[in-house]
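A.B. asks: Provided herewith is a single structure, encoded as structure tokens, for subsequent inquiry.
The values are calculated or read from the model by the stated rules, or taken from the named source; none is laboratory data. From a predicted model like this one, the values you see are computed outputs, not experimental measurements. Cβ placement follows ideal geometry from the backbone for every residue including glycine, while neighbour counts extend to all protein chains displayed. We work out accessible area using only protein heavy atoms, side chains counted, and drop any ligands, DNA or RNA first. Shrake-Rupley method; radii C 1.70, N 1.55, O 1.52, S 1.80 Å.
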Amino acid sequence: MSKTKKRVLIIISSFIFILLYIIFAFKLPGDELQLIPKWTISVTKPSQNSSFDSKKFAFKLGQILGYFTEEGDVTLSESFPYMATISDEYWTVFSSSAENLPIFNNNREKIGTIETAGFPFFTDYGNFIFLPGGMSFGYLDDDGKRLWTYEDITPITSFYPYEKGIIVGFAEGKILNFDYKGNIIFSSVPGGSKYSVILGVASSEDGLLSACVSGIDSQRFVLMKTAGGQTKTVFHEYLDGNLREQTYVKFSKDNSKVFYNEKNGLGVVDIGNLKSYHIPLLGKILSIEEMEEYNLFFVLTKLEGEYRVYILENLSNLIGSYVFKGNNGFILSDKNNLYTGVDSTITKIEVQR
């Protein structure tokens, strides 16, 4: 790279960091919560001569995937032309005719091959492959071998792996919960709407609670509990408006609340007293990150080319937000740090109180 290009890159990077500092270095209510930028890195430039023994975080921004550390080292940066999947341990890239795909670990070492044709999906709870047609999926071992397959006659519309198993929603309105041996733990059909479809589904990590957004025309949020081999609805409510796309649903880490995207923002249910809260937010909810130490939740939404991060304290107290523009973005939390990715950069933000 020429000296001129290096100088331009330094100027641009400095400008981005200063801008982010102006945006993020402010105090919020609630015992003076502070968001303090620590560093901004370009994901297109892997770090040189660094120790990569630290914990690695996976990222995917546009057509670039890789790993970074809390110190700001980019340990792997890989561009891809079509599609890709990545977890904190494994990654691969693929096209529409995916077959005989190599599996790489986070050190770029090839550790296996997926011989089954389909679309892989890597998660922190295991690796999967969706078979052509969208109605079946397989569970893979770390080497890419398919251990078992579930086949259905209706399309899969939502898919959520968790510690104890996998919960799956279908276009016909059915929910199936599997263990990692392929056994069905329970099945449910929430119903209650004119058109049955499971738009979003999730489970608590212990597998005892599950929740979904289901149906179009009289769309509902449904919370279920499994006990004694039976699954029963313990809470439900009809929602205003109708979402017609895959919808975000997630339990808090302590299973005390469950969040879901609804037409006009965020729905929250307190599982202890089965009371619901509705918080108006702009855009579609992409992810929710939790910071247990401060009882904070960071909600990432997108509306056209604008991302928003809303900050919730306790159950439903909205204490602040910030906005950034870009084509691609994500948030990720670890301990008291929040990582914000936008296009080709990632910023580490330290949360203090």
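A.B. asks: How large is the helix-only mean residue ellipticity at 222 nm for the chain, computed as the sum of -39500 (n - 2.57) over DSSP H runs with n ≥ 4, divided by its residue count, in deg cm²/dmol to the nearest 500?
C.D. replies: Mean residue ellipticity, 222 nm, calculated: -2000 deg cm²/dmol.
A.B. asks: Between Phe121 and Val189, what is 0.36 nm times their sequence separation minus the Cα-Cα distance? Round to one decimal in nm.
C.D. replies: 21.9 nm
A.B. asks: Just report the Cα centroid separation between the range 276-294 and the range 218-246, whole Å.
C.D. replies: Measuring centre to centre over Cα atoms gives 19 Å.
A.B. asks: Positive end of the charge dipole of the chain (Lys, Arg +1 and Asp, Glu -1 on Cβ, about the Cα centre): tell me which of Ser79, Asn317, Trp91 has its Cα farthest that way.
C.D. replies: Ser79
A.B. asks: Assuming a ≥ b ≥ c are the square roots of the Cα gyration tensor eigenvalues, decide whether the chain counts as rounded (a/c under 1.5), prolate (otherwise, with a/b larger than b/c) or oblate.
C.D. replies: In terms of gyration-tensor shape, oblate.
A.B. asks: Given charges of +1 on the Cβ of Lys and Arg and -1 on the Cβ of Asp and Glu, with all other atoms neutral, how large is the dipole of the range 146-193 about its Cα centre, in debye to the nearest 20?
C.D. replies: 100 debye
A.B. asks: Kindly identify the range 263-315 as rounded, prolate or oblate by the Cα gyration tensor criterion: order the square roots of the eigenvalues as a ≥ b ≥ c, call it rounded if a/c is under 1.5, otherwise compare a/b with b/c, prolate if a/b is larger, else oblate.
C.D. replies: The shape class here is oblate.
A.B. asks: Just how large is the dipole of the chain about the Cα centre, in debye to the nearest 20, putting +1 at every Lys and Arg Cβ and -1 at every Asp and Glu Cβ?
C.D. replies: Dipole magnitude for the chain comes out near 860 debye.
A.B. asks: Which residue fluctuates most in the GNM of the chain (Cα springs below 10 Å): Ile103, Ile153, Ile86?
C.D. replies: Looking only at Ile103, Ile153, Ile86, the biggest GNM fluctuation is shown by Ile153.
A.B. asks: Another question, then. With a cut-off of 8 Å between alpha carbons and a minimum separation of six or more residues, what is the relative contact order of the range 89-129 in percent?
C.D. replies: 33 percent
A.B. asks: Tell me the relative contact order for the chain as a rounded percent, counting alpha carbon contacts under 8 Å between residues six or more apart.
C.D. replies: Answer for the chain is 11 percent.
A.B. asks: Have a look at Glu172, Glu78, Glu245 and tell me which one the Gaussian network model of the chain (Cα, springs below 10 Å) gives the largest fluctuation.
C.D. replies: Largest GNM mean-square fluctuation: Glu245.
A.B. asks: Can you classify the range 216-302 as rounded, prolate or oblate using the Cα gyration tensor, where a ≥ b ≥ c are the square roots of its eigenvalues, rounded means a/c under 1.5, and otherwise it's prolate if a/b beats b/c and oblate if not?
C.D. replies: It is oblate, given that a/c is not under 1.5 and a/b is not larger than b/c.
A.B. asks: Now a separate question. Enter the accessible area per residue of the chain (Å², integer; probe 1.4 Å; all protein chains in place).
C.D. replies: 47 Å²
A.B. asks: Still on this structure, I have one more. With unit charges on the beta carbon (Lys/Arg positive, Asp/Glu negative), name the residue among Tyr248, Thr347, Thr157 whose Cα is farthest towards the positive pole of the charge dipole of the chain.
C.D. replies: It is Thr347.
A.B. asks: Quick one: putting +1 on the C-beta of Lys and Arg, -1 on the C-beta of Asp and Glu, what dipole do you get for the range 111-232 around its Cα centre, in Debye to the nearest 20?
C.D. replies: 500 debye
A.B. asks: At a Förster distance of 41 Å, what's the computed FRET efficiency of Tyr294 paired with Asn327, Cβ-Cβ distance as r, to 0.05?
C.D. replies: Using R0 = 41 Å, I get an efficiency of 0.85.
A.B. asks: To continue, here is another question. Farthest toward the dipole's positive end in the chain, which of Phe59, Ser187, Ile167, given Cβ charges of +1 (Lys, Arg) and -1 (Asp, Glu) about the Cα centre?
C.D. replies: About the Cα centre, the residue reaching furthest to the positive side is Phe59.
A.B. asks: Of the accessible area of the chain, with the probe set at 1.4 angstrom, what percent is carbon plus sulfur?
C.D. replies: Of the solvent-accessible surface of the chain, carbon and sulfur hold 50 percent.
A.B. asks: Can you tell me which lysines have their Cα less than 24 Å from the Cα of Lys263? Leave out same-chain residues fewer than eight positions away.
C.D. replies: Lys174, Lys194, Lys250, Lys275, Lys284, Lys302, Lys325
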